[in-house]
Amino acid sequence: MSTKTKPIKSAKELVAHMQEKGITFDIVSPEDAAKYMENNNNYFRVASYRKNYNKQLDSNQEPIDKYVNLDFGYLQDLAIIDMELRYTFLQLSLDIEHFTKLDLLRHIEQSNEDGYRIVKDYTDSLDDRQQLRLERELKQNSKSDYTKNIYAKYQPDYPVWVFLELIPLGSILAFYSFCADRFHSMTMKDTFYMLLKCKDIRNACAHNDCMLNDLHTNTASYHPKYQIMQALRRSSILQPDARSARMSNACIQNLVTTLYVYKKIVTSPRVKKKATVKLHDFEHRLLRHVEYYETNQLISANFTFLKLVIDN
């Protein structure tokens with residue numbers, strides 16, 4: 001048996017474990033916390049948000065395994081905010097996926113492309129492994145109650161407007177990149193790289209991943225796109241160093257990129273209005289217990305930044 005194996009603990013045992021780590025139960029009683037972890041959320045997910053909190057230091061200024069100013073109520077609130085964030089951005093991501101298809105079709109029509117030829121040229125450009133994967137993705141539609149009739153009618157020769165309805169988002173973006181190169185469009189290429197960030201957010205929301213459990217700086221793999229930083233500057237959102245710090249976090253950068261792409265690519269005023277309502281509902285939930293985070297600069301700074309971005 002692996003030495004890393006840990007026995008399953010009951011909710012009450014997990015509460016006791018958290019108390020040993022310096023987590024207090026002033027806002028939520030130990031009994032209610034145990035019920036919450038039994039009925040609403042598991043310990044692994046709730047406890048993941050403690051990464052945003054500092055640990056106590058010993059006499060040599062070395063961290064010990066106890067947290068500073070961390071109450072279970074804060075972790076519970078962060079878990080609920082994260083849930084609302086996922087619900088909100090999943091809707092935004094679905095809108096972006098829909099309007100990305102429309103954007104592609106517009107570019108293709110404006111370039112006087114043959115709707116069948118461009119799909120064939122794209123598939124011919126793929127290597128054997130990529131072609132096989134695309135074929136599997138397309139064939140999956142044959143078993144779907146929602147797309148099997150479309151698949152049966154058009155396969156194996158798909159016009160682009162059908163092709164885009166049958167392939168998943170990852171393949172849509174690969175096709176978007178192909179079209180950007182075909183049309184020699186740097187604007188489309190820039191949008192493609194930003195859409196990859198939107199895809200990360202869409203996947204995190206759809207897979208119910210924790211998103212706010214690490215708000216530290218310098219977790220992003222890449223620098224944010226210049227256009228986004230310029231948009232933040234024009235909106236006078238924070239000072240340059242503060243903007244850069246917030247945007248160096250992977251999750252925050254992806255969220256802000258998604259909002260930027262949404263504003264750019266979604267063309268329906270009615271759809272945008274619905275998104276605005278959802279975003280402001282999320283903002284209100286984000287700040288409902290702002291007093292919980294007054295002593296945590298990491299969380300409060302990121303929440304303030306998100307509020308400013310949403311407002312602008």
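The values are calculated or read from the model by the stated rules, or taken from the named source; none is laboratory data. Please read these numbers as outputs of a predicted model, since none were measured by experiment. Note: ideal-geometry Cβ built from the backbone for every residue, glycine included; neighbour counts use all protein chains shown. Note: accessible area is taken over every heavy atom of the protein model, side chains too, but ligands, DNA and RNA are not part of it. Shrake-Rupley method; radii C 1.70, N 1.55, O 1.52, S 1.80 Å.
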Quiz item: In debye to the nearest 20, how big a dipole does the chain give about its Cα centre with +1 on each Lys and Arg Cβ and -1 on each Asp and Glu Cβ?
Solution: 500
Practice problem: Once you have a ≥ b ≥ c as the square roots of the Cα gyration tensor eigenvalues for the range 72-131, tell me rounded if a/c is under 1.5, and otherwise prolate or oblate according to whether a/b is larger than b/c. | Solution: oblate
Quiz item: Nearest 20 debye, what's the magnitude of the dipole of the range 22-154 about its Cα centre given +1 on Lys and Arg Cβ and -1 on Asp and Glu Cβ?
Solution: 540
Quiz prompt | Summed side-chain charge close to Thr147 - residues other than Thr147 whose Cβ falls under 12 Å, Lys, Arg +1, Asp, Glu -1 | solution = +1
Quiz prompt | Proximal charge balance of Tyr116 [Cβ under 13 Å; K/R count +1, D/E count -1] | solution = -3
Quiz item: Probe 1.4 Å, all protein chains in place: accessible area of Ser125 in Å², nearest 10?
Solution: 70
Self-check item: Accessible area, probe 1.4 Å, largest first, for residues Tyr116, Tyr87, Tyr43, Tyr176
Solution: Tyr87, Tyr116, Tyr43, Tyr176
Quiz item: Between the range 213-239 and the range 150-193, what's the alpha-carbon centroid distance in Å?
Solution: 29
Self-check item: Degrees separating the helix 11-20 axis from the principal Cα axis of the chain, which is the longest one
Solution: 70
Quiz item: What accessible area, in Å² to the nearest ten, does a 1.4 Å probe give for Thr258?
Solution: 0
Quiz item: What accessible area per residue, rounded to a whole number of Å², is obtained for the range 180-294 using a probe radius of 1.4 Å?
Solution: 55
Exercise. Could you order Asp190, Asp77, Asp128 by accessible surface area, starting with the largest, using a probe radius of 1.4 Å?
Key: Asp128, Asp190, Asp77
Quiz item: How much length is gained on full extension from His98 to Asn312, taking 0.36 nm per residue of separation minus their Cα-Cα distance?
Solution: 74.7 nm
Exercise. With a 1.4 Å probe and every protein chain kept in, tell me what percent of the accessible surface of the chain is carbon plus sulfur.
Key: 50
Practice problem: Largest first and in whole Å, give the semi-axes of the chain's equivalent ellipsoid, each being the square root of 5 times a Cα gyration tensor eigenvalue. | Solution: 42, 24, 18
Practice problem: Mind checking which of Phe183, Thr295, Thr24 is farthest towards the positive end of the chain's charge dipole, using Cβ charges of +1 (Lys, Arg) and -1 (Asp, Glu) about the Cα centre? | Solution: Phe183
Exercise. Leaving out ligands and nucleic acids, note down the accessible area per residue over the range 1-156 with a 1.4 angstrom probe, in whole Å².
Key: 64
Exercise. Please report the relative contact order for the chain, taking Cα pairs under 8 Å with a sequence separation of at least 6, and give it as a percent rounded to a whole number.
Key: 20
Practice problem: Would you mind estimating how fast the range 187-312 diffuses translationally, via Stokes-Einstein at 4 °C and 1.567 mPa s with the Kirkwood radius over Cα pairs, in µm²/s? | Solution: 85
